[in-house]
Amino acid sequence: MRLSTFWPRGGLWRHGDFLRLWSAETISMFGTQVSQLALPLVAIIVLEATAFQVALVGTVAMLPFILFSLPAGVWVDRLPRRPILVAGDLGRALLLLSIPAAHWLDVLTLEQLYVVGFLSGICTVFFDVAYQSYLPSLVDRSQLVEGNSKLEVSRSGAQIGGPGIAGALVELLTAPIAILVDAISYVVSGLFVLAIRTREAVPERPKRRSPFAGMRAELAEGLRYVLGHRLLRPIAMCTAISNFFYALVFAILLVYVVRTLGLSPATIGVVLSVGNVGFLAGALLANRVAVRVGVGRTIVLGSMLFGPSLLLIPAAPPALPHPFLAASIVLAGFGAVVYNITQVSLRQAITPHRLQGRMNSVMRFVVWGVIPLGSLLGGALGTWIGLRPAMWVGGAGAALAFLPVVLSPVRSIGEMPEPVEPPVPQESVPEAPLTAPATVQDD
């Protein structure tokens with residue numbers, strides 16, 4: 001009997017190119033979960049780094065989202081997106097391979113972790129902007145929520161199974177070898193993206209004497225579109241506040257659970273895996289919730305749930321922290337995934353095709369650009385006032401993240417609105433090369 005007999009027939013289950021993209025992301029996500037636990041544990045266990053140095057590993061990895069997000073959006077709107085995805089995957093694979101190689105040669109240093117984290121972050125910036133801009137060119141507008149939900153199911157599955165696998169690998173084989181798993185996953189992910197057959201439509205652009213010509217005008221158009229949009233602006237504010245305080249907490253979380261609560265890598269992996277059930281539940285239920293209560297209310301409800309749940313982490317008693325930690329991750333994961341699926345689908349639905357890359361890059365610049373700042377503050381507060389008090393600060397701040405969306409027109413949206421095409425600005429005179437948005441303020 002053929003496999004197709006048992007394969008689901010509805011929705012995107014028969015969409016070959018989406019399934020290839022989904023497969024690529026699933027494999028990559030599982031590998032990423034391994035390195036997200038293994039990389040800081042390399043600093044903690046192998047290199048015996050301080051809490052501030054561990055936080056700095058995450059901070060450096062997120063700096064590219066401040067430095068390169070906006071130019072990346074212009075390039076993603078100018079170029080085919082599939083080659084950008086492949087280059088991002090293979091670039092990260094090569095960079096991560098250098099860590100186990102250096103460990104085997106006994107030359108691994110914190111400085112190498114910082115360099116690998118920074119360069120991998122650049123690859124991730126281009127990959128993420130291209131990835132979210134690529135999905136609307138593969139599926140119909142009516143299938144965006146379904147597509148994002150399926151991708152979040154994979155993310156949730158990786159978050160459930162990945163930490164357990166990572167903890168076991170770190171404990172049995174050491175953290176550097178666990179990172180090797182992530183490098184391999186990026187190679188396989190890149191091969192799946194290469195197999196996608198759909199030809200994407202690249203908006204026509206006027207010929208320029210230099211690849212940097214007109215970049216400033218296109219950057220400005222993307223910034224005006226997002227920061228002036230009555231729906232995108234409050235979503236950006238809500239997500240940025242949440243990411244800032246989440247980064248503050250998670251920059252020192254592993255140090256806290258290893259050194260204060262005394263949990264082993266394997267136990268940490270199990271707790272994270274159990275807690276991540278919330279991510280899977282959110283991915284499975286987000287579409288139903290949005291249909292039942294409306295798009296806007298779903299975004300508001302998700303944002304009101306994921307912030308306060310962080311307060312359970314510092315509230316966990318040292319004698320029995322496991323249920324508190326797991327409950328925190330369950331609630332935060334459910335609220336965050338429901339929120340993210342719905343707001344990302346809304347953003348993709350209302351944004352014209354020619355602005356998808358810049359819309360996503362501006363959102364990334366704003367909402368991910370604050371993460372290194374939060375990580376840096378988390379490391380500093382953990383050093384100055386202690387790990388537990390720093391986590392109370394992070395939880396209290398995250399609990400207020402819902403205010404921008406609940407006080408905006410977002411809360412009244414029922415169904416996905418149609419995109420509104422803004423006027424195309426006149427071509428400006430070619431400018432001097434611009435490589436980084438040094439004059440743009442992070443609102």
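Brief remarks follow.
- Filtering VAL145, VAL249, VAL181, VAL187 for residues that are within 20 Å of the chain's Cα centre (by Cα), crowded, with 21+ Cβ neighbours inside 10 Å and either in a loop (DSSP other than H, G, I, E, B) or modelled with pLDDT of 85 or more (or both) leaves a single hit, VAL249.
- Meets criteria (farther than 27 Å from LEU110 by Cβ, outside any helix (DSSP H, G or I) and modelled with pLDDT under 80) for TRP13: no
- Meets criteria (in a helix (DSSP H, G or I), modelled with pLDDT under 80 and within 30 Å of GLN53 (Cβ to Cβ)) for ARG155: yes
- Matching option when the condition is under 14 Å from GLN112 (Cα atoms) and crowded, with 24+ Cβ neighbours inside 10 Å, among LEU47, LEU39, LEU85: LEU39
- In segment 346-382, residue surrounded by the most Cβ atoms within 10 Å (Cβ to Cβ) [restricted to those that are closer than 16 Å to VAL405 by Cβ and touching an Asp or Glu at 6+ places or on another chain (Cβ under 9 Å)]: VAL366
- Any helices (runs of 4 or more DSSP H) falling wholly within segment 17-128 and containing at least 3 residues that are at pLDDT below 85: 51-62, 64-67, 69-78
- Subset tally (residues that are surrounded by 20 or more Cβ atoms within 10 Å (Cβ to Cβ) and over 25 Å from the mean Cα position of the chain (by Cα)) for segment 292-331: 2
- Qualifying positions in segment 383-403 - of a type in the set (A, V, I, L, M), farther than 17 Å from GLY307 by Cα and either in contact (Cβ under 8 Å) with a residue 12 or more places away in the chain or buried (at least 17 other Cβ atoms within 10 Å of the Cβ) (or both): LEU387
- Candidate set: segment 333-371, residues that are closer than 22 Å to ALA283 by Cβ, under 15 Å from the mean Cα position of the chain (by Cα) and of a type in the set (Phe, Trp, Tyr); chosen: the one modelled with the highest pLDDT: TYR339
- Within segment 302-333, tally of residues that are farther than 23 Å from CYS238 by Cα and assigned to a loop (DSSP other than H, G, I, E, B): 6
Per-residue answers, yes or no, for (1) over 30 Å from ARG358 (Cβ atoms); (2) of a type outside the set (A, V, I, L, M, F, W, C); (3) over 15 Å from the mean Cα position of the chain (by Cα):
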residue: PRO40; (1), (2), (3): yes, yes, yes
residue: GLU48; (1), (2), (3): yes, yes, yes
residue: ALA51; (1), (2), (3): yes, no, yes
residue: ALA61; (1), (2), (3): no, no, no
residue: LEU67; (1), (2), (3): no, no, yes
residue: TRP75; (1), (2), (3): no, no, yes
residue: PRO83; (1), (2), (3): no, yes, yes
residue: LEU108; (1), (2), (3): yes, no, yes
residue: VAL116; (1), (2), (3): no, no, yes
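- So GLN132, is it closer than 19 Å to ALA87 by Cβ, out of contact with any His (no Cβ under 9 Å at 6 or more places or on another chain) and modelled with pLDDT under 75: yes
The values are calculated or read from the model by the stated rules, or taken from the named source; none is laboratory data. Remember, it's a predicted structure, so these values are computed and weren't measured experimentally. All Cβ positions, even for glycine, are placed from backbone atoms using ideal geometry, and neighbour counts span all protein chains on display.
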